[in-house]
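Report on one structure; see the data block that follows.
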């Protein structure tokens, strides 16, 4: 997935640091006041007191900001009792003016934060519709998923996945819309909704792909976007028949899945490449389905190229097959949790692209779900 955009640093918030930041206006007030009392009047540290309510405006609600401004004003009055030639009227007027401006700025900031909160609620709701939680188990198949959005403040992007419990077996979809912004999300939504409807009715994978091809083509025609006049997407559909001991894979220009079988890692490259969605008119619509043995204890990792294109500081790509060999046979949830951790560690918390992955395991008889 080649996409421009802001890097996003994924870091766990530090509770102690946050408290220190919130208390910084109080700390600043105390430091300035102490310095003003302890140093000669010629230095006049008291003139820095208006900085405290100005800082509070970026962190606090309106009332605490005004209260801090009042305290700074009282501190200035107290200093004037000790030093009579500090220019108290000018500094006091500056404190009052800055406090009033800071209170208004705090009010505007709170309004914007409320708006952002509502937008995030809408984004979370959209994510639940677009990338709804996958079932963790369908019959004897364990399923886990991972999604990381690279763009700052983003909840969803152009990567997508879905699973369907159909009469033909468990069918999985993973893909990546080329592009960025809301248009990429819309194209991803068109593909997912089409899959959800047709996965249950189409008897073979080629029929589903033809439907997806039609859906994204119609979306590109209907949505006029000068920055992205035409959408196309890589996609991979996997079908695991119930009790069949195999998996059928139709790969349309998507990164090849990894199969863990008898402790060995296989990269399932397609026998014959199939064109990405919405490029069949240019490259032809010759779709190829590969069948691979998939039995008890075997595990399949589907992923988008945000995983393999994650870079370290030296510009090296994340070595996913080697990483899988090092990790070895691991339950799906634990595998994706470790992948999440190691990707962030490898990239120093900076992701250039969205990341989606789905891990699927055929459970061994007598082994409870999500166990090793």
Subset tally (residues that are closer than 17 Å to residue 268 by Cβ, crowded, with 17+ Cβ neighbours inside 10 Å and without any contact (Cβ under 8 Å) to a residue 60 or more places away in the chain) for segment 309-335: 1
From 63, 55, 28, residue being assigned to a helix (DSSP H, G or I), modelled with pLDDT of 80 or more and surrounded by fewer than 12 Cβ atoms within 10 Å (Cβ to Cβ): 63
Residue 285 being in contact (Cβ under 8 Å) with a residue 60 or more places away in the chain, surrounded by fewer than 15 Cβ atoms within 10 Å (Cβ to Cβ) and either in contact with a helix residue (DSSP H, G or I) (Cβ under 9 Å, 6 or more places away or on another chain) or within 20 Å of residue 191 (Cα to Cα) (or both): yes
Scan of segment 149-171 for residues that are modelled with pLDDT of 70 or more and part of a loop (DSSP other than H, G, I, E, B), ordered by number: 149, 157, 158, 167, 168
Hits in segment 248-262 - residues which are outside any loop (DSSP other than H, G, I, E, B) and over 18 Å from residue 232 (Cα atoms): 248, 249, 258, 259, 260, 261
Evaluation of residue 280 against (1) touching a helix residue (DSSP H, G or I) at 6+ places or on another chain (Cβ under 8 Å); (2) at pLDDT 95 or above; (3) under 29 Å from residue 204 (Cα atoms) (one fails), failing number: (2)
Which numbered condition residue 236 misses (of (1) at pLDDT 95 or above; (2) out of contact with any helix residue (DSSP H, G or I) (no Cβ under 9 Å at 6 or more places or on another chain); (3) not in a strand (DSSP E or B)): (3)
Residue under evaluation residue 276, criteria (1) farther than 21 Å from residue 218 by Cα; (2) within 29 Å of the chain's Cα centre (by Cα), criterion not met: (1)
Any pair with Cβ under 7 angstrom, 6 or more apart, that starts in segment 7-26 at a residue that is over 22 Å from residue 95 (Cα atoms) and ends at one that is at pLDDT 50 or above and part of a helix (DSSP H, G or I): 10/344
Some residue of segment 97-116 being closer than 23 Å to residue 19 by Cβ, modelled with pLDDT under 90 and in a helix (DSSP H, G or I): yes
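The values are calculated or read from the model by the stated rules, or taken from the named source; none is laboratory data. From a predicted model like this one, the values you see are computed outputs, not experimental measurements. Note that we place each Cβ from the backbone using ideal geometry, even for glycine, and neighbour counts take in every protein chain shown.
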